[in-house]
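Undergrad: One structure follows; several queries about it will come next.
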Amino acid sequence: MSKYGTIPTSSSAGGAPLGGASPLDFISRAKARGAMALATRRPWRELGEIHTIGLPPSLGEAYLRVRANLAHFAMNYAIVVLVVVFLSLLWHPVSLIVFLVCMVAWLVLYFLRDEPLVLFGRVVGDGVVLAALAVVTLVLLLLTNATVNILSSLLIGFVLVVLHAALHKAEDNVDDEAGRWYAPVPSPPLH
């Protein structure tokens, strides 16, 4: 039986790292998880429909729209914020390199890991990994003077997302998002 064209699930060659998985296995898993995450993205046309933009009649309605749209367009909004941060770092090459290195470290050590992290024969918990990555990222960004740049670009991205979420009429989004990780609360019926 030929295995040509299949994605290997384990490596029987002697060149496998000590963790048991080859780099090809890791890349295959990362691609599959990335494709799964991007599959939740909504069409950009839906995000940019002009006829769905309008001022909310009340602050409560604006809140409901924001909740529904944050759930409905979560991946799109994440992409928008990351693009704003990336664009803000184009004029700071050292900060961009540090940001990309930190992003790769987060992906490898936290988001794309299937097995627990083992250092010196001891299992390291996810909370410890999260705290260590956060501290290292913060220190590196402070050393490159990118902190103000990244925080301001995150703020700009956040304002863009909240502004769109508040102005986009979300009537259809409430029913679509009922079973998602962050289900919006539908507006109460008027009596």
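Undergrad: Quick one: which residues, 5+ away or cross-chain, put their amide H under 5 Å from the amide H of V124? H built at 1.01 Å from N.
TA: For V124, whose amide H was placed from the backbone, the distant partners under 5 Å are L117, V118, L119.
Undergrad: Continuing with this model, one more query. Please rank K169, K31, fewest neighbouring Cβ atoms within 10 Å first, as an exposure proxy.
TA: Taking fewest neighbouring Cβ atoms as first place, the list is K31, K169.
Undergrad: For S152 and L119, FRET efficiency with R0 = 30 Å and r from the beta-carbon atoms, rounded to 0.05?
TA: E between L119 and S152, to the nearest 0.05, is 0.25.
Undergrad: In nanometres, what is the gap between the two model label sites at A30 and W44, each 7 Å from Cα along Cα-to-Cβ?
TA: 2.4
Undergrad: OK, next. Ordered by residue, what ³J(HN,Hα) values in Hz, to whole numbers, does region 56-61 give under the Karplus form 6.51 cos²θ - 1.76 cosθ + 1.60, where θ = phi - 60° and Gly and Pro are x?
TA: In residue order, the calculated couplings are x, x, 8, 5, x, 5 Hz.
Undergrad: Ranked by Cβ crowding within 10 angstrom, fewest neighbours first, how are R45, R29 ordered?
TA: Ranked by crowding around the Cβ, least crowded first: R45, R29.
Undergrad: Then there is this: Give me, ordered by chain and number, the residues 5 or more places off S22 or on other chains with an amide H under 5 Å from its own placed amide H.
TA: S11
Undergrad: A follow-up question, please. Could you give the nm distance between label points at L59 and H92, where each point is 7 Å from its Cα heading toward the beta carbon?
TA: 3.4
Undergrad: As a footprinting exposure proxy, order D25, D126 by other Cβ within 10 Å, with the fewest listed first.
TA: D126, D25
Undergrad: When the Karplus curve 6.51 cos²θ - 1.76 cosθ + 1.60 is applied with θ = phi - 60°, which whole-Hz ³J(HN,Hα) does each residue of region 141-149 get, with x for Gly and Pro?
TA: Per-residue couplings from phi come out as 5, 5, 5, 9, 6, 9, 4, 5, 4 Hz.
Since every read-out is calculated from the coordinates, none of them should be taken as a lab result. All values derive from a computational prediction rather than experimental measurement. Counting neighbours? That spans all protein chains shown, and the Cβs are built from the backbone with ideal geometry, glycine included.
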